[in-house]
Amino acid sequence: MASGTEALRLALQACGVGAGDEVLTASHTCVATVAAIALLGAKPVFVDVDPRTYTIDPDRLAARLTSRARAIVPVHLYGHCAEMEPILALARRFGLRVVEDCAQAHGATDRGRMAGVMGDAGCYSFYPTKNLGALGDSGLVVTGDPRIANEVRRLRHYGWSRQAGRTAYGGNSRLDELQAAVLLVKLPRLEAWNGRRRQIAAAYREGLAGTGVKCPVERPGASHAYHLYVVRVAERDRFRASLSEQGVETLIHYSSPIHRLEPYAVAPAEARELSVTEAISGEIVSLPLYPELTEGEIEAVIDAVRRATQER
Ligand SMILES: *Cc1c(COP(=O)(O)O)cnc(C)c1O
């Protein structure tokens, strides 16, 4: 696919999602997750997240279901798989499709199963900053369902199929060959890179113990791919300013929940149902984490955080 967004949009379309349908997903995510739903004319329905893992809270799904619900898009945010077992059980019970957003979860697993193979389809992005990145935009749909595979192939290529000719509206969402070549070279290294990410995460967890900074949690049975290392702190602005003075850059993923962004804004009553999403968006901060970090740099980040939290 041409991008992760296109992967999501066409996988959902291939699952039968269209105008007027409702698709349940998280508001605490990259805007692309929600854009893919809205671009189909479907309505995103936001479900609050688990305060420990920041992924969709399965216990909150049922309350958001209506007769127009057609699919669920769990986001494996920051590289940690959403809790898929109860999500899949609910989808089976109500006849909903499940399309996993794996754009941050290359190599992540849940109960030994790779992100993307648990639902009807899984959607990856290879944007250069992802755990597996091309030199430009690109994406992928994985599915075990041949009908979805054929439909996605058709929709990404002018609506053309070998068997039936041009029988559907379709644009051009193909993967560029040069990006594919780069990805083939990089793919065998993904596991080692993820291993290094996990090592750095373990060093941070140990080094930041006792600072009051809330480190990411790995749900039992899940293996985190640590696309991002997102911690929670009180007095975030001060914390970030102190780190910045010490030469450590931080970012915020994401500063505004999607339901607070103009085109996706929801009514106040609906926003009140998203209290965890709202609470965490003011406290989260991403520390530097990528496989190339050196031992010295990891130590420097830990020291800087310890200093920033002692200053209070
Ligand atoms: C990056 C990302 C996307 C979109 O991928 P693009 O390739 O940039 O279109 C979708 N969902 C999540 C969670 C992402 O991080």
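For region 252-275, residues that are in contact with a Lys or Arg (Cβ under 9 Å, 6 or more places away or on another chain) and either closer than 30 Å to residue 303 by Cβ or in a helix (DSSP H, G or I) (or both) total 2. Please state which one of 112, 16 is over 23 Å from residue 153 (Cα atoms), more than 18 Å from the chain's Cα centre (by Cα) and surrounded by fewer than 20 Cβ atoms within 10 Å (Cβ to Cβ). Of 112, 16, the one residue that is over 23 Å from residue 153 (Cα atoms), more than 18 Å from the chain's Cα centre (by Cα) and surrounded by fewer than 20 Cβ atoms within 10 Å (Cβ to Cβ) is 112.
Of all the criteria given as (1) surrounded by fewer than 22 Cβ atoms within 10 Å (Cβ to Cβ); (2) out of contact with any strand residue (DSSP E or B) (no Cβ under 8 Å at 6 or more places or on another chain), the one not satisfied by residue 9 is (1). Screening region 1-112 for helices (runs of 4 or more DSSP H) wholly inside it with 2 or more residues that are more than 16 Å from the ligand (Cβ to nearest atom) returns the ranges 84-94.
Per the listing 178, 190, 183, the residue uniquely open to solvent by 40 Å² or more (accessible area, probe 1.4 Å) and in contact (Cβ under 8 Å) with a residue 24 or more places away in the chain is 178.
For (1) open to solvent by 40 Å² or more (accessible area, probe 1.4 Å); (2) within 20 Å of residue 34 (Cβ to Cβ); (3) touching a residue at least 24 places away in the same chain (Cβ under 8 Å), each residue gets a yes or a no:
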site: 106; (1), (2), (3): no, no, yes
site: 116; (1), (2), (3): no, yes, yes
site: 127; (1), (2), (3): yes, yes, yes
site: 131; (1), (2), (3): no, no, yes
site: 139; (1), (2), (3): no, yes, yes
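The listed residues are 162, 166, 147, and the only one of them that is over 25 Å from residue 228 (Cα atoms), at pLDDT 95 or above and open to solvent by 30 Å² or more (accessible area, probe 1.4 Å) turns out to be 147.
Residues that are of a type in the set (Gly, Ala, Ser) and either on the phi > 0 side of the Ramachandran plot or modelled with pLDDT of 95 or more (or both) within region 236-255 comprise 241, 242, 244, 247, listed in sequence order. Condition check for residue 230 on (1) under 28 Å from residue 114 (Cα atoms); (2) in a helix (DSSP H, G or I): one failure, at (2). For region 220-259: of the residues being within 16 Å of the ligand (Cβ to nearest atom) and β-branched (Val, Ile, Thr), which is most open to solvent (accessible area, probe 1.4 Å)? Once the filter is applied, the top-ranked residue is 252.
Please go through region 150-159 and pick out each residue that is outside any loop (DSSP other than H, G, I, E, B) and either of a type in the set (A, V, I, L, M) or open to solvent by less than 80 Å² (accessible area, probe 1.4 Å) (or both). 151, 152, 154, 155, 156, 157, listed by residue number. Scan region 232-248 for residues that are within 19 Å of residue 51 (Cβ to Cβ) and in contact with a Ser or Thr (Cβ under 8 Å, 6 or more places away or on another chain) and the total you get is 1.
Let's see how each residue does on (1) open to solvent by less than 10 Å² (accessible area, probe 1.4 Å); (2) small (Gly, Ala, Ser); (3) touching a strand residue (DSSP E or B) at 6+ places or on another chain (Cβ under 8 Å):
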site: 31; (1), (2), (3): no, no, no
site: 35; (1), (2), (3): no, yes, no
site: 41; (1), (2), (3): no, yes, no
site: 46; (1), (2), (3): yes, no, yes
site: 50; (1), (2), (3): no, no, yes
site: 59; (1), (2), (3): no, no, no
site: 69; (1), (2), (3): no, yes, yes
site: 77; (1), (2), (3): yes, no, yes
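Looking at this structure, is residue 21 more than 25 Å from residue 194 (Cβ to Cβ) and open to solvent by 10 Å² or more (accessible area, probe 1.4 Å)? Judged against the criteria, residue 21 is a match.
Listed by first and then second residue, the pairs linking a residue in region 1-19 that is closer than 13 Å to residue 32 by Cβ to a residue that is among the acidic types (Asp, Glu) and within 12 Å of the ligand (Cβ to nearest atom), with Cβ atoms under 6 Å apart and 6 or more places separating them unless they lie on different chains, are 3/137.
Taking the condition of being within 13 Å of the ligand (Cβ to nearest atom) and under 21 Å from residue 93 (Cβ atoms), how many residues in region 123-146 meet it? Counting residues in region 123-146 that are within 13 Å of the ligand (Cβ to nearest atom) and under 21 Å from residue 93 (Cβ atoms) gives 0.
The values are calculated or read from the model by the stated rules, or taken from the named source; none is laboratory data. Note that the structure is predicted; figures quoted are calculated from it, not measured. Every residue, glycine among them, receives a Cβ derived from its backbone with ideal geometry; neighbour counts consider all protein chains shown. Keep in mind that these areas ignore ligands, DNA and RNA; they rest on the heavy atoms of the full protein, side chains included. Shrake-Rupley method; radii C 1.70, N 1.55, O 1.52, S 1.80 Å.
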